[in-house]
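What follows is a set of notes on a single structure, which appears directly below.
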Amino acid sequence: MKNNLEQLAKLVRYFILISSTKALSGHPTSSLSATDLMTTLMFGGFFRYDLKNPDNLNNDRLIFSKGHASPLFYSLWGAAGGISEDELLTLRKFGSRLEGHPSMAFPFTEVPTGSLGQGLSVGVGMAINAKYLDKLNYKTYVLLGDSEMAEGSNWEAIEIAAYYKLNNLIGILDVNRLGQRGQTLYGHNVKEFEKRISSFGWKTIVIDGHNLLQITKAFREAQTNQKTPIMIIAKTIKGKGVKLWEDQDNWHGKALPPEKLEEALKEIGKVDKKLRGTFIQPKKVNVKNGQPKKIEDLRYKPGEMVATRKAYGNALVRLFPKYPNMVVLDAEVSNSTYSEFFQKAHPDKFFEMFIAEQNMVGVALGLARRGKIPLASTFAAFLTRAFDQIRMSQYAMQNIKFVGSHAGVSIGEDGASQMALEDLAMFRSLLDSVVLYPSDAVSSEKLTEEAIKKDGMVYIRTTRKETPVIYKKSDKFPIGGSKVVRSGANDQVTVIGAGVTLHEALKAYEDLKEEGILIRVIDLYSVKPIDTKTLQKAVNETRAIITVEDHYPNGGIGEAVAACLSGSNKPIISLAVSKIPKSGKPMELLNYEGISASAIIKKVKQILR
């Protein structure tokens, strides 16, 4: 169904101007450059959407990667009849659904954007879901700005989209020449974008982004594209429609002065405020979700040496029948994270993301937004480079599970570049995140299931080094709990560890016991939320608390425990990685950093003296 595109574009420009001028802030010039493009997409007979049901599984997906163009985003939905003109005038006001950049408060937002270079990765995840998982015919459209094409994450997404032949993914590149502080990297040289993007295996179409006939032709061609993702590269004018702004620098992120509004509206021409655009209705579909099935029980033997990372891989395969919406991603280290077990068992539910962690996180977010439970794994150290994507995913309030292996100095000879020593701090800093740190194979499998069951962001920290099985298959590991693994009425000091350091604490317990010194040992497997009740009991019943962790002091277990027990008059001592690590044997490094059994014994004796 086609609409009067020229008149609708005028209406959208009108909404952009009145809303941003009323707000006295925003990015109207960046919105005006893409107005003709997006009006044609939505109302030119291409966009399939059930306005009354944003949750329709077969709706086309629209992502504004250039999230600062939110006045355009909201105005398009205003022109569709999704929101009123009165609500458009609440743009950027406290309590309004129309925030400065698209957020989940607005019902038509697919994903929060505004941190540039992330929308295309999310689009890749949604396109993967449609093509390979739900087998739906919706298309995913992503509006990109030319400035954000300097972000490497976009090129990660472009590369992986071509690899997976995502012919249902359509990028729209708004080349308006001007960034925040002047000309962008290539200015109006659209041929440079065409050359680069096409070299990755995308079909490219270069157009005048204000010529409605060219735009219509481009979207029509995109609809029939059968083989590859497609990028419409549009040369546009920033501030198009308002002479004061057109192709002028120093207007980025600035609203029109109120006294100039009437003049600008005259330039647009007569606007039919009652005009509303319409969409094509998507086909009704039913997605067949797998039914949960019974799973096998654990089969580990007490004392068996198993790395928690390997138990994680076992858990993926064992748990999938019970949680058929699981999807596993990995950054080309699946033979180390052991997600390869899942890849071999369920290749249609596994997606290799190669060494591109930022894109992997964005893809996971796209899958989560389409109802999947993504588990994204890599070496924990390399998740740090994707922290901005992880940070943004918290605002989508999505159900993503991150798994970082090879944590801490205990990985040994590979050296400092491979040792995650900041990851606990990173994930603890996120609002409502859950941070889990298993110490043996049983707890690793049980906590993987707890993570899958938990709605929200969860981080699981796994270990390279093999550790003995200490728990029974009947043991439970609720999120927010801990395990008191050694205790008695005469405990003098409490030692708290997790992962490798729990086993060092257990060695210290045995050696100290031989000398008649009794300590309490707690496995803090849930670093966040923390088990306040158990820790309060320990601090009340023993003389001091020692935390031991294979992580830097800042933001780790020690600080989590200290915050939990603030106000206590007992000593709370942190043993953590405090030197720049070296290559060496795991035990050499644990001793070097002062987080081994011998360091624990020494500290306990100092306290008791």
Task: So Thr534, is it crowded, with 16+ Cβ neighbours inside 10 Å, of a type outside the set (A, V, I, L, M) and out of contact with any Asp or Glu (no Cβ under 9 Å at 6 or more places or on another chain) - done: yes
Open item on the list: Whether any residue in the range 321-328 is surrounded by 24 or more Cβ atoms within 10 Å (Cβ to Cβ), under 27 Å from Met397 (Cβ atoms), of a type in the set (A, V, I, L, M, F, W, C) and out of contact with any Leu (no Cβ under 9 Å at 6 or more places or on another chain) is what I want to check.
Closed with: no
TODO: Could you pull out the residue among Ala157, Ala127, Ala161 that is within 27 Å of Pro282 (Cβ to Cβ), out of contact with any Phe, Trp or Tyr (no Cβ under 9 Å at 6 or more places or on another chain) and buried (at least 24 other Cβ atoms within 10 Å of the Cβ)?
DONE: Ala157
TODO: Scan the range 582-601 for residues that are of a type in the set (Asp, Glu) and crowded, with 20+ Cβ neighbours inside 10 Å and jot them down.
DONE: Glu593
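To keep it simple, each residue is scored yes or no on (1) over 28 Å from Gln214 (Cα atoms); (2) without any contact (Cβ under 8 Å) to a residue 40 or more places away in the chain; (3) of a type outside the set (Gly, Ala, Ser).
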| site | (1), (2), (3) |
| --- | --- |
| His27 | no, no, yes |
| Met38 | no, no, yes |
| Leu72 | no, no, yes |
| Gly100 | yes, no, no |
| Pro112 | yes, no, yes |
TODO: Could you check, for the range 510-526, whether at least one of its residues is surrounded by fewer than 21 Cβ atoms within 10 Å (Cβ to Cβ) and either of a type in the set (Lys, Arg) or at pLDDT below 95 (or both)?
DONE: yes
Open item on the list: I need the full set of residues from the range 379-404 which are within 18 Å of Val327 (Cα to Cα) and among the polar types (S, T, N, Q), in order please.
Closed with: Ser393, Gln398, Asn399
Task: Tally of residues being farther than 21 Å from Lys131 by Cβ and among the polar types (S, T, N, Q) across the range 201-240 - done: 4
TODO: Might you check whether a residue that is touching a His at 6+ places or on another chain (Cβ under 9 Å) and not hydrophobic (A, V, I, L, M, F, W, C) occurs anywhere in the range 334-348?
DONE: yes
Task: Residue, surrounded by the fewest Cβ atoms within 10 Å (Cβ to Cβ), within the range 194-238, restricted to residues that are within 24 Å of His68 (Cβ to Cβ), without any contact (Cβ under 8 Å) to a residue 60 or more places away in the chain and within 27 Å of the chain's Cα centre (by Cα) - done: Arg196
TODO: For the range 468-478, name all the residues that are surrounded by fewer than 18 Cβ atoms within 10 Å (Cβ to Cβ) and part of a loop (DSSP other than H, G, I, E, B).
DONE: Lys472, Lys473, Ser474, Asp475, Lys476, Pro478
Task: Lys301, sole failed condition from (1) touching a helix residue (DSSP H, G or I) at 6+ places or on another chain (Cβ under 7 Å); (2) in a loop (DSSP other than H, G, I, E, B); (3) more than 30 Å from Lys135 (Cβ to Cβ) - done: (1)
- [ ] Give the residues of the range 329-383 that are more than 17 Å from the chain's Cα centre (by Cα), surrounded by fewer than 24 Cβ atoms within 10 Å (Cβ to Cβ) and in a helix (DSSP H, G or I), sorted by residue number.
- [x] Ser334, Asn335, Ser336, Glu340, Phe341, Gln343, Lys344, Ala345, Pro347, Asp348, Lys349
Task: Meets criteria (assigned by TED's automatic domain parsing to the domain that holds Thr532 and free of Cβ contacts under 8 Å to residues at least 12 places away in the same chain) for Lys507 - done: no
Task: Evaluation of Leu244 against (1) over 23 Å from Ile83 (Cβ atoms); (2) free of Cβ contacts under 8 Å to residues at least 12 places away in the same chain; (3) part of a loop (DSSP other than H, G, I, E, B) (one fails), failing number - done: (2)
Task: Of all residues in the range 74-97 being touching a residue at least 60 places away in the same chain (Cβ under 8 Å) and in contact with a Leu (Cβ under 8 Å, 6 or more places away or on another chain), the one that is surrounded by the fewest Cβ atoms within 10 Å (Cβ to Cβ) - done: Gly81
- [ ] Can you tell me which residue within the range 411-428, out of those that are in a helix (DSSP H, G or I) and surrounded by fewer than 24 Cβ atoms within 10 Å (Cβ to Cβ), is farthest from the chain's Cα centre (by Cα)?
- [x] Ala416
Open item on the list: Going residue by residue through the range 388-396, is there one that turns out to be surrounded by fewer than 24 Cβ atoms within 10 Å (Cβ to Cβ), in a loop (DSSP other than H, G, I, E, B) and in contact (Cβ under 8 Å) with a residue 40 or more places away in the chain?
Closed with: yes
Task: helices (runs of 4 or more DSSP H) contained in the range 1-44 and holding at least 1 residues surrounded by fewer than 24 Cβ atoms within 10 Å (Cβ to Cβ) and either in the same structural domain as Asp146 (by TED's automatic domain parsing) or among the aromatic types (Phe, Trp, Tyr) (or both) - done: 5-23
Task: Subset tally (residues that are of a type in the set (A, V, I, L, M, F, W, C) and more than 21 Å from Tyr338 (Cα to Cα)) for the range 433-456 - done: 1
Task: Scope the range 98-111; condition of a type outside the set (A, V, I, L, M, F, W, C), out of contact with any helix residue (DSSP H, G or I) (no Cβ under 7 Å at 6 or more places or on another chain) and either under 17 Å from Lys52 (Cα atoms) or surrounded by fewer than 18 Cβ atoms within 10 Å (Cβ to Cβ) (or both); matching residues - done: Pro107, Thr109
Open item on the list: Given (1) in the same structural domain as Leu57 (by TED's automatic domain parsing); (2) touching a residue at least 24 places away in the same chain (Cβ under 8 Å), identify the lone condition not met by Glu262.
Closed with: (2)
- [ ] Within the range 120-137, identify whether any single residue is over 24 Å from Lys238 (Cα atoms), among the aromatic types (Phe, Trp, Tyr) and in contact (Cβ under 8 Å) with a residue 24 or more places away in the chain, and answer yes or no.
- [x] yes
Task: The lone exception for Asp249 - which of (1) surrounded by 15 or more Cβ atoms within 10 Å (Cβ to Cβ); (2) in contact (Cβ under 8 Å) with a residue 12 or more places away in the chain; (3) in contact with a strand residue (DSSP E or B) (Cβ under 8 Å, 6 or more places away or on another chain) it fails - done: (1)
TODO: Taking the options Ile530, Ile519, name whichever one is assigned by TED's automatic domain parsing to the domain that holds Lys602 and touching a Cys at 6+ places or on another chain (Cβ under 6 Å).
DONE: Ile530
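The values are calculated or read from the model by the stated rules, or taken from the named source; none is laboratory data. Bear in mind the structure is a predicted one, so any value in this text is a computation, not a measurement. So basically every Cβ, Gly included, is an ideal-geometry build from the backbone, and we count neighbours across all protein chains shown.
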